[in-house]
Protein chains: 2
Amino acid sequence: MAKTRREFERALEAAKSASTGQLLIRAARLFNERAVARGRTLRGLDLRPAHTAVFPHLSLEGTRMTTLAEKMGITKQAVGQIVAELERAEVLCRVPDPSDGRAKLVRFTAAGYRAVLDGMGVLREIENEFGAELGEALMARLKRDLTKLLAAFEGAAS
Amino acid sequence: MAKTRREFERALEAAKSASTGQLLIRAARLFNERAVARGRTLRGLDLRPAHTAVFPHLSLEGTRMTTLAEKMGITKQAVGQIVAELERAEVLCRVPDPSDGRAKLVRFTAAGYRAVLDGMGVLREIENEFGAELGEALMARLKRDLTKLLAAFEGAAS
DNA sequence: TCTATATGGTAAAGTTACTTTACTATATAG
DNA sequence: CTATATAGTAAAGTAACTTTACCATATAGA
């Protein structure tokens, strides 16, 4: 039994350091909580993380729902819900795609345009704060490594 | 208007690369989806990410609910719910803390003990796969950087 | 010693961010 | 010109929490 116990303790220790997944989850939550809390006070629009996740994938000409869903790695129904809320908040609008009668293009409104410009500032601000504390080099490296990790994930299914 | 448009395009481009938060969210989701999918097939226990998040924080002697909540960065009520499910699945058990009549200690059952040893194998397997693809150096560095980021987050509130 | 307050935990309902299942409308290939 | 694929919508369900409210025990101070 003594040997088994030691084995177990080593396993637990391994779990602690091995769980990159848990590290990612916690870091993501903390980062976004801060961004949302900060951004909320900036303008009257209370945008939650799910909303801001859309913006990086929107092109100026407009982007299809299905395209958004693919890029974001969620279902198109989920995109529909998020976009609907942003439409109600008058940040985005949906216009018919002239090249396909079924499709709709999601686009910024003038107000959304201004809000997003502000939002970028908030994000940069938060990243700069961490950069100051941890070093710009670490932040840049983290971003590069995460991008590579995502590319590898996307590359191979299951 | 032309100048504003260019400005906007640059802002969007910046959003794409600047959103470390979004990178973290996506990486976390993908990583854990894979781990859960893999682990589920291993044993009959269908453990979800919320469940496995508890394990790294459990000591062999038993850990208090409040301690778990603090370490995990969630409310003690949330811990209560997760532990209740794991208790029903007979992976964990709650025993009264002899040193404090209010407190309870969360501990592994014999079955949970074995399941977690298996689970460690799955996690290591997945990390090794990415290590093989991206290089062990990148994975180790990512883990170190995330740990530092979390420490910095924890250090300063808001 | 007894009251005030802090701490450990539980209970129930609400919220966020999705997914699943089930459709309708338009497009395209044969 | 039917058969199937694709774009999107609708409604309900689920996971992983939080908020609000509470009870039980502990402990420090009057």
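The values are calculated or read from the model by the stated rules, or taken from the named source; none is laboratory data. Note that the structure is a prediction, hence the values are computed from the model and not measured. So basically every Cβ, Gly included, is an ideal-geometry build from the backbone, and we count neighbours across all protein chains shown.
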### Task
State yes or no: is B:Thr67 more than 18 Å from B:Gly119 (Cβ to Cβ) and either more than 16 Å from the chain's Cα centre (by Cα) or more than 14 Å from chain A (Cβ to nearest Cβ) (or both)?
yes
### Task
Take the stretch A:120-137 and flag every residue that is hydrophobic (A, V, I, L, M, F, W, C) and either within 17 Å of the chain's Cα centre (by Cα) or more than 9 Å from chain B (Cβ to nearest Cβ) (or both).
A:Met120, A:Val122, A:Leu123, A:Ile126, A:Ala132, A:Ala137
#### Entry: Test: B:Val122 is farther than 29 Å from A:Ala35 by Cα, out of contact with any Phe, Trp or Tyr (no Cβ under 8 Å at 6 or more places or on another chain) and away from DNA strand C (no atom under 12 Å from the Cβ)
yes
### Task
May I ask you to list pairs of residues, at least six apart or on different chains, whose Cβ atoms are under 7 Å apart, with the first in the stretch A:100-118 being within 18 Å of A:Gly80 (Cβ to Cβ) and at pLDDT 95 or above and the second being within 16 Å of DNA strand C (Cβ to nearest atom) and in a helix (DSSP H, G or I)?
A:Lys104/A:Met65; A:Val106/A:Met65; A:Val106/A:Leu68; A:Val106/A:Val83
### Query
With respect to the numbered conditions (1) of a type in the set (A, V, I, L, M, F, W, C); (2) part of a helix (DSSP H, G or I); (3) without any contact (Cβ under 8 Å) to a residue 12 or more places away in the chain, which one is the sole condition not fulfilled by A:Leu68?
(3)
### Query
Quick one: is A:Thr67 within 13 Å of DNA strand D (Cβ to nearest atom) and in contact with a strand residue (DSSP E or B) (Cβ under 6 Å, 6 or more places away or on another chain)?
no
### Message
Please determine whether any residue of the stretch A:52-61 is more than 21 Å from B:Ser19 (Cα to Cα) and either within 11 Å of chain B (Cβ to nearest Cβ) or more than 10 Å from DNA strand D (Cβ to nearest atom) (or both).
### Response
yes
### Task
Scan the stretch B:138-153 for residues that are among the basic types (Lys, Arg) and facing chain A (nearest Cβ under 7 Å) and jot them down.
B:Arg141, B:Lys143, B:Lys148
### Task
Take the residues in the stretch A:72-119 that are assigned to a helix (DSSP H, G or I), among the charged types (D, E, K, R) and within 14 Å of another protein chain (Cβ to nearest Cβ), then tell me which one is farthest from DNA strand C (Cβ to nearest atom).
A:Arg114
### Message
Testing B:Leu149 on (1) touching a helix residue (DSSP H, G or I) at 6+ places or on another chain (Cβ under 8 Å); (2) within 16 Å of DNA strand D (Cβ to nearest atom); (3) of a type in the set (A, V, I, L, M), one condition comes back false. Which one is that?
### Response
(2)
